[in-house]
Structure formats: structure tokens, C-alpha cells
Amino acid sequence: MASTHVDVSAAEWTSAVSFYGQGAVFHGKDIVQLKVKDIVQLKVLSDRRSEGGGIAWLARFSPPPGKLIKIVATALSDEHVFNLEGGRSTKSGAPARASGGYTLNPKGQPHSALIATETVSLVIYRGEPDEIVSLDVVDVAA
């Protein structure tokens with residue numbers, strides 16, 4: 001099999017709805033009009049699932065101001081997450097894990113994340129990506 005090369009800077013961010021569900025799009029109201037925003041976007045770097053391998057992507061999470069993205073999921077295969085920018089937060093929006101952090105969610109592991117600031121992560125699945133139980137936009141706790 002040949003090597004795969006991706007020019008990450010030239011690759012387009014795409015909607016993550018096909019993997020994360022409709023929660024990846026935020027329908028917020030503005031005084032003038034309804035605003036629709038992709039709050040989760042992906043750059044798929046490789047997808048070898050049809051060959052018995054896994055999938056790797058860059059994920060960008062962009063919560064609306066004053067909001068958190070709350071994700072609850074179950075790992076369908078080993079999931080490796082390396083935060084490149086931003087990171088996880090507490091319910092009050094304070095940083096909990098900064099960029100440079102690494103997480104392994106082994107197959108079968110239920111897990112969750114709260115994201116309060118724009119975050120970019122490299123996510124590598126050994127096989128199938130997570131089953132997303134829920135993805136919600138919630139208010140930052142006071």
C-alpha cells in the first residue's frame with residue numbers, strides 16, 4: 001500500500017454532521033436573522049475502514065459565545081485524541097485540559113467532553129469512530 005500525504009493547510013474544513021449528527025450545527029438567533037453555524041468541522045486525513053483499518057481526522061470545535069459544546073460518546077474502537085489548540089473545559093468554561101494534552105478512550109469506554117473555546121484536535125480511531133450519544137450546546141454555568 002502506498003503512503004498517504006495530506007496538505008493539511010490546503011484541505012478544507014467540512015461539516016461534521018455525518019459523524020457527529022445534527023448537533024454539529026448550531027441554530028442560534030440573532031436580532032436580525034436566524035444564524036446557522038457548523039460548530040464541529042473536520043478535515044479527514046485518512047479513512048482505511050474499508051480495508052480493516054481506522055480513520056484519522058482533525059476536528060475543530062467552535063462553541064458560540066457564552067456556550068459550551070457538550071459531547072457524550074462511546075468508543076467503538078480505540079480513540080486517540082491529541083489537543084493541538086484549545087482543550088477541554090469545566091462547566092463554568094474554565095480550562096480543564098490545555099493544548100498538548102493526550103487522551104486514550106479504549107474500545108467500549110463511555111466518555112464525555114465539555115468545550116468552551118475554539119479547539120482543534122487530532123483524532124485517530126483504530127477502527128470505527130465513536131458512537132455519539134449526544135452533542136448539545138449548553139450555557140456556561142455561572
- Query: Of all residues in the stretch 75-85, which are among the hydrophobic types (A, V, I, L, M, F, W, C) and part of a loop (DSSP other than H, G, I, E, B)?
  - Reply: ALA75, LEU76
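Could you check the stretch 81-96 and list, in sequence order, the residues that are open to solvent by less than 70 Å² (accessible area, probe 1.4 Å) and among the aliphatic types (A, V, I, L, M)?
We begin by selecting, within the stretch 81-96, every residue open to solvent by less than 70 Å² (accessible area, probe 1.4 Å); these are 81, 83, 86-90, 92-94, 96.
If the condition is that a residue be open to solvent by less than 70 Å² (accessible area, probe 1.4 Å) and among the aliphatic types (A, V, I, L, M), then VAL81, ALA94, ALA96 are the ones that fit.
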- Message: With the structure loaded, tell me whether SER112 is within 18 Å of SER18 (Cβ to Cβ), open to solvent by 20 Å² or more (accessible area, probe 1.4 Å), touching a residue at least 24 places away in the same chain (Cβ under 8 Å) and not charged (D, E, K, R) or whether it fails that test.
- Response: no
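Quick one: would you say SER99 is open to solvent by less than 10 Å² (accessible area, probe 1.4 Å) and closer than 24 Å to VAL6 by Cβ?
Numbers: open to solvent by less than 10 Å² (accessible area, probe 1.4 Å): no; closer than 24 Å to VAL6 by Cβ: yes.
No.
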- Sole exception among (1) closer than 19 Å to VAL137 by Cβ; (2) open to solvent by less than 40 Å² (accessible area, probe 1.4 Å) for ALA11, by number: (1)
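Return the only residue of VAL138, VAL133 being in a strand (DSSP E or B), within 13 Å of ALA73 (Cβ to Cβ), touching a residue at least 24 places away in the same chain (Cβ under 8 Å) and open to solvent by 40 Å² or more (accessible area, probe 1.4 Å). Even if it seems obvious, please write down each step before you answer.
Details: VAL138 fails: within 13 Å of ALA73 (Cβ to Cβ).
Being in a strand (DSSP E or B), within 13 Å of ALA73 (Cβ to Cβ), touching a residue at least 24 places away in the same chain (Cβ under 8 Å) and open to solvent by 40 Å² or more (accessible area, probe 1.4 Å) holds for just one of VAL138, VAL133, which is VAL133.
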- Note on the structure: Scanning the stretch 58-69 for residues that are open to solvent by 30 Å² or more (accessible area, probe 1.4 Å) and either at pLDDT below 95 or among the acidic types (Asp, Glu) (or both), the one nearest to PRO106 (Cα to Cα) turns out to be LYS67
- Message: For the stretch 86-130, give me the residue count where each residue is assigned to a loop (DSSP other than H, G, I, E, B) and within 25 Å of VAL8 (Cβ to Cβ).
- Response: 14
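The values are calculated or read from the model by the stated rules, or taken from the named source; none is laboratory data. Predicted model only: the values in this text are computed from it and were never measured. Positions of Cβ are backbone-derived with ideal geometry, glycine not excepted, and every protein chain shown enters the neighbour counts. Ligands, DNA and RNA are excluded from the accessible area calculation, which covers all protein heavy atoms including side chains. Shrake-Rupley method; radii C 1.70, N 1.55, O 1.52, S 1.80 Å.
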